[in-house]
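Taking it in order: structure first as structure tokens, then the write-up.
The values are calculated or read from the model by the stated rules, or taken from the named source; none is laboratory data. Every value quoted in this text rests on a predicted model; they were computed, and no experiment measured them. Every residue, glycine among them, receives a Cβ derived from its backbone with ideal geometry; neighbour counts consider all protein chains shown. With ligands, DNA and RNA removed, areas are computed over all heavy atoms of the protein, side chains included. Shrake-Rupley method; radii C 1.70, N 1.55, O 1.52, S 1.80 Å.
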Amino acid sequence: MSTDTQGCARDSSWPGMYVGPAALTSGEFAALTRRLLGLRPERLRDAVERELRFGTGDPGIPGVLLYTSTPAKDTLGAALAEVAAGRPPVDWPTIIEARSVLLAQPGDLHVGRSAPWRAAAGNRLTAVVPDTGHYYFLHSLLVLAARDDPSLDPIVGHIRRNPEGSIRVYAADEPTLAFLLWLRRRAGVATLNVEANHPAVFEAWSHKAVLHPRVDEAAALRVGPDPRHTLAAETALTPLARELGIRVPRLPGYTLPADLSFDGAFRAAATLLRDRFGITRGCLKAAKSSSGQGIRTDIDLAAELPGPPGPACGEWVLEAQAEYCRLPVTGHLFQLAPSVHLRRGTPADGMTLQFLSDTFWQGNVYFDRDSCEAAGVPVPVYDRIRAALIDLHSALHELGLVTGGIDFAVARVGGRFGRSALTGLQDLNLSACGADLLRAFRDRTRESGLRSAATKVVVPPQNMTTADLQRLLDGHTDLPATAIACIPGQWAMIAVAAPGPVAAAEAACRLTLEVSKLSE
């Protein structure tokens, strides 16, 4: 595949991407770990426990910011599926790398590779890595390390000058761990501080399957006619309850494990939802999907499904279709899908509503207990969600939980629950998340006295840069507003502060409308 000087893919089979579709095979990864570390992949974890320290470092010590998409979420598989279906793929690596500029602390070295990232970084301290052929940035870094490429020298030098600083990564997946071990050894520091969840937490708990019981185990449960009692009995079978001893609120649903045939597990789960709860519509999700990718909604549970909507491997979740309660504001109709977050090892204040387009995340609006009613969330629901966050933090903190986003639904599922609204946890995203941007922006605008803020995604014009977007914001509002990043013609995000959540949401919608007008 050929690329232009800006790193934007020109091959018509891979349209509009700033990174290529190359990815390391398991054999190539094994060869690199042996060459760089003298280790087989299965021995990585022993070295990780000895050489890396996970947690939160001192924010006053300059560190390294290395954020990019993770193979654990298989966004490459989703992108290839979009191309196969004749649709343009979402360039998640470029989006995550460019938007993460807002998270850099003073003195941090920010590592990246694409033209949109460089434009967003501006005059910040950066290390530019030249390889854009690999989809996953960490694959690029491992290949460059094996070549002893000089583009990595600034990263090594920064660590040597700041040995107590933290390496802040998106997720501690295997390619990231291998590269961090190489960095530690090349820099010659005794231990490398890593600001991320311990890999055991990320791998074991950062997916949807832990929220629901296995369908075969749930089918063996004897239940009565009361749907709430049945839901509680099934909740006791979830991994969260069995292994951590916590029972978070959830919607009816079941895990379709990889060791069962998909078709048989789906039919069994559909039957349980119909027979136990009177629920006739369902929502199918890959257990490890992110940002709403690969979700099939409003499935008729009485009809047969020929196969999973994507790769036929891995775990799936079949959940009751949620009819979200809604909050109308000028410019947007919110689904009540509040999220709570962990930052630097502690529960973050307040919570957010998500801007959603279909099932895809498009930004956040912050609110707290004093403003939750204005955000459409009753105080008892707010308190219940916050209590679930505290329980999850208490259960996982000692295992190495540092950061993450936890998504809930306030929704009706019908059937024997009638028109009653349920509150249910829908996703555990125990890695860096999009709401980190909103909270970083609020950190920078607290002195304004404005109690809320919003971030929102918009499709910018083909010729718009981050600087252009900032000038537009400055010309259309007196509120504090920031252009977080801009990928021309594809994706941009703005942030704006306001006195309350409704005002913040309306300001974000108004400003993104001004951007959209330029694309017409």
| message | So with the 1.4 Å probe, I'd like the accessible area per residue for the chain, rounded to whole Å². | response | 39 Å²
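Give the peptides 493-501, 369-377 in descending order of average Cβ contacts within 10 Å, highest first.
Details: 493-501: 24.8, 369-377: 18.4.
Result, highest mean Cβ count within 10 Å first: 493-501, 369-377.
Can you tell me the mean projection area, over all orientations, of the convex hull of region 427-520's alpha carbons? Units nm², please. Before the final figure, lay out each step's value.
Details: hull surface 26.1 nm².
Taking the Cα atoms of region 427-520, their convex hull projects to 6.5 nm² on average.
Kindly state, to the nearest 0.05, the FRET efficiency for Glu323 paired with Ser394, given R0 = 25 Å and r defined as their beta-carbon distance. Present the calculation step by step, with values, prior to reporting the outcome.
Working: r = 32 Å, r/R0 = 1.27.
Result of the calculation: an efficiency of 0.20.
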| Computed label-point distance, nm, for sites Asp226 and Arg161 using a 7 Å Cα→Cβ extension | 6.5 nm
| query | So how many Å³ per residue does the convex hull of the Cα atoms of region 1-159 work out to? | reply | 130 Å³
| message | Just to be sure I understand the model, the point goes 7 Å from the Cα along the line to the Cβ. What's the resulting Asp478 to Ala84 distance in nm? | response | 5.5 nm
| Given N residues in region 159-305, what is Rg(Cα) / (2.2 N^0.38 Å)? | 1.40
| query | Local charge sum around Pro130 (other residues, Cβ-Cβ under 10 Å, Lys/Arg +1, Asp/Glu -1)? | reply | -1
| query | Once amide H atoms are placed 1.01 Å from N in the peptide plane, what residues at a sequence separation of 5 or more from Asn162, or on another chain, have their amide H within under 5 Å of its amide H? | reply | none
| Label-to-label distance, nm, for residues given as Ser516 and Arg384 (7 Å Cα→Cβ offset) | 3.3 nm
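At 1.4 Å probe size, with the rest of the protein present, what percent of the exposed accessible area of region 378-430 is carbon and sulfur atoms?
On the way: 980 of 1910 Å².
Solvent-exposed carbon and sulfur of region 378-430 make up 51 percent of the total.
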| said: Could you order the peptides 220-229, 326-335, 87-96 from most to least packed, using the average number of other C-beta atoms within 10 Å per residue? | reply: 87-96, 326-335, 220-229
| request: Work out how far the C-alpha atoms of region 201-243 reach from end to end along every principal axis, then list the three figures in whole Å, largest first. | output: 37, 18, 15
| field | Extension gain (nm, one decimal) between Glu304 and Arg267, 0.36 nm per residue minus Cα-Cα | value | 12.6 nm
| note | From DSSP H assignment alone, runs of 4+ in the chain each adding -39500 (n - 2.57), the sum over residues rounded to the nearest 500 puts [θ] at 222 nm at -10500 deg cm²/dmol
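Work through the residues other than Leu36 whose Cβ is under 14 Å from its Cβ and net out their charges, Lys, Arg +1 and Asp, Glu -1. Can you show the working numbers first?
Values: positive: Arg34, Arg35, Arg40, Arg43, Arg147, Arg184, Arg185, Arg186; negative: Glu28, Glu51, Asp148, Asp149, Glu174.
Surrounding charge for Leu36 is +3.
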| message | Among the listed pairs Lys288/Lys517; Lys288/Lys456; Lys73/Lys456; Lys73/Lys517, which have their C-alpha atoms separated by more than 32 angstrom in this model? | response | Lys288/Lys517; Lys73/Lys517
| query | For Ile484, which sequence-distant residues (separation of 5 or more, or a different chain) have an amide H within less than 5 Å of its own amide H, given hydrogens modelled in the peptide plane? | reply | Met493, Ile494, Ala495
| request: Could you pull out every one of the aspartates and glutamates with an alpha carbon less than 12 Å from that of Lys285, ignoring same-chain neighbours closer than 8 positions? | output: Asp298, Glu315, Glu319, Asp427
